[in-house]
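A.B. asks: My questions all concern the structure below.
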Amino acid sequence: MRGKGAMLVGLAAMLLAAPAPAEIDPLAAARVRLKQARAAADEASRNAAELERRAGAERDASARFRVEEQAVAARIRRAEADLAAAEARVAIVAGLQERQREELARRQEPIARLLAGLASLAGRPAIVAVAQRGSITDMVHLRAALAATRPAIDARTADVRAELAESRRLAEASAQAAKELRDGRANLVAERGRLAALRDRHDSAAARLDRDARTAADRAIAMGEEARDLVDRMSAIGDERQTLAALERLPGPPAVDSGAVGALAAYRLPVAGRLVTGLGEVSDNGVRARGLTLAVAPGAAVAAPAGGTVVFARPFRVWGGTVIIDHGAGWSTLVTGLGAISVKRGQAVAAGQLLGSAPGGDEPRITIELRRRDQPVDITALIG
């Protein structure tokens, strides 16, 4: 009995002498990631709102497509940032739960040992305590020790109850963080699908406009050929007055904007090579060339022929890597056949700046088209 009393007194002393619980690790790395992700999400949200406002105010269909694509890309960045924030919150809650379980086990251990000792003491018959020498004195001392440690025991059990409540709160936070993670992944998938649909719609519209432009260009070329045939026939019969009258009825050449031409005075070929097809030549399948096609060295560097803004830069159907540069004042350059592209849409480029490179293989082909208000222009007139 004396040994049991000494053990219980020792357990009570351990409760009084136990150190204060260590502060839970704040999981600084995960919280830094959470802060950064929230900041990135806020910035992407502001950018998306501004781009959506600009898209709503844009009247030009092509420009509106570009701004809408940028807005969807900003929403994707926001969804990615939200997903990163949700992952950081899941990591934080998981870390807190693990630390909280360890702390709860540490706090419960002394109380469990004390309760085990008390249960053992309570199981002894009372007559044994009376008959054993010194038992009454030990009981008095034990009772006094327990009375002195009662406040500490009450405080420690209150701490344990608080830890249990914190466990329930962390479980709820874990469920909420997992839900946010699932929602973030679903939102990211939806935004990426929206971007793909927008690009498909844009590509379809661009292809339709390209077909219309090519049809109109072919019609214009055919009308020009008919006009030349008319002049030849009238010249053959020697009727000068009829020839002059027919020529007078033909529309004159469009007025040349000297200021716009001056802006392209330094126009240059983007790559050196052997001329394969010239402007207006008809291919074996009956298609008229709207620019120059050069056979170049494999991997040859392709540069901007003049300064401007890149409005398209990616592979496009059978034309391979395609870059379109807007030079302003209605002038634009189309470069196709690239194996690698080094610029991005919306990027400003200077004359001679690298656009990409030709593909490998035997004499790859690079095609250059210069247009003025969507009409093909003879490049040789500008490069001399």
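The values are calculated or read from the model by the stated rules, or taken from the named source; none is laboratory data. Here the structure is a predicted model, which means the values were calculated and not measured. Cβ atoms come from the backbone with ideal geometry, glycine included; neighbour counts cover every protein chain shown.
A.B. asks: Yes or no: VAL318 within 27 Å of SER62 (Cα to Cα) and part of a helix (DSSP H, G or I)?
C.D. replies: Spelling it out, VAL318 is indeed within 27 Å of SER62 (Cα to Cα) and part of a helix (DSSP H, G or I).
A.B. asks: While we're looking at this one, here's another question. Taking segment 250-285 as the region of interest, how many residues are polar (S, T, N, Q), part of a loop (DSSP other than H, G, I, E, B) and either within 25 Å of GLY356 (Cβ to Cβ) or modelled with pLDDT of 75 or more (or both)?
C.D. replies: Residues meeting the conditions: 1.
Residues checked against (1) among the hydroxyl-bearing types (Ser, Thr, Tyr); (2) surrounded by fewer than 19 Cβ atoms within 10 Å (Cβ to Cβ); (3) at pLDDT below 55:
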{"residue": "GLY10", "(1), (2), (3)": "no, yes, no"}
{"residue": "PRO19", "(1), (2), (3)": "no, yes, yes"}
{"residue": "ALA29", "(1), (2), (3)": "no, yes, no"}
{"residue": "ALA40", "(1), (2), (3)": "no, yes, no"}
{"residue": "GLU43", "(1), (2), (3)": "no, yes, no"}
{"residue": "GLY56", "(1), (2), (3)": "no, yes, no"}
{"residue": "ARG59", "(1), (2), (3)": "no, yes, no"}
{"residue": "GLU68", "(1), (2), (3)": "no, no, no"}
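A.B. asks: Another question about this same structure. Looking only at residues in segment 327-340 that are surrounded by fewer than 21 Cβ atoms within 10 Å (Cβ to Cβ) and aliphatic (A, V, I, L, M), which one is farthest from ALA306 (Cα to Cα)?
C.D. replies: By that ranking, first place goes to ALA340.
A.B. asks: Considering only residues of segment 339-371 that are among the basic types (Lys, Arg) and in a strand (DSSP E or B), which is farthest from VAL296 (Cα to Cα)?
C.D. replies: Top of the filtered list is ARG371.
A.B. asks: So which residues in segment 344-364 are surrounded by 13 or more Cβ atoms within 10 Å (Cβ to Cβ) and within 33 Å of the chain's Cα centre (by Cα), if there are any at all?
C.D. replies: Within segment 344-364, ARG345, GLN347, VAL349, ALA351, GLY352, GLN353, LEU354, LEU355, GLY356, SER357, ALA358, PRO359 meet the criteria.
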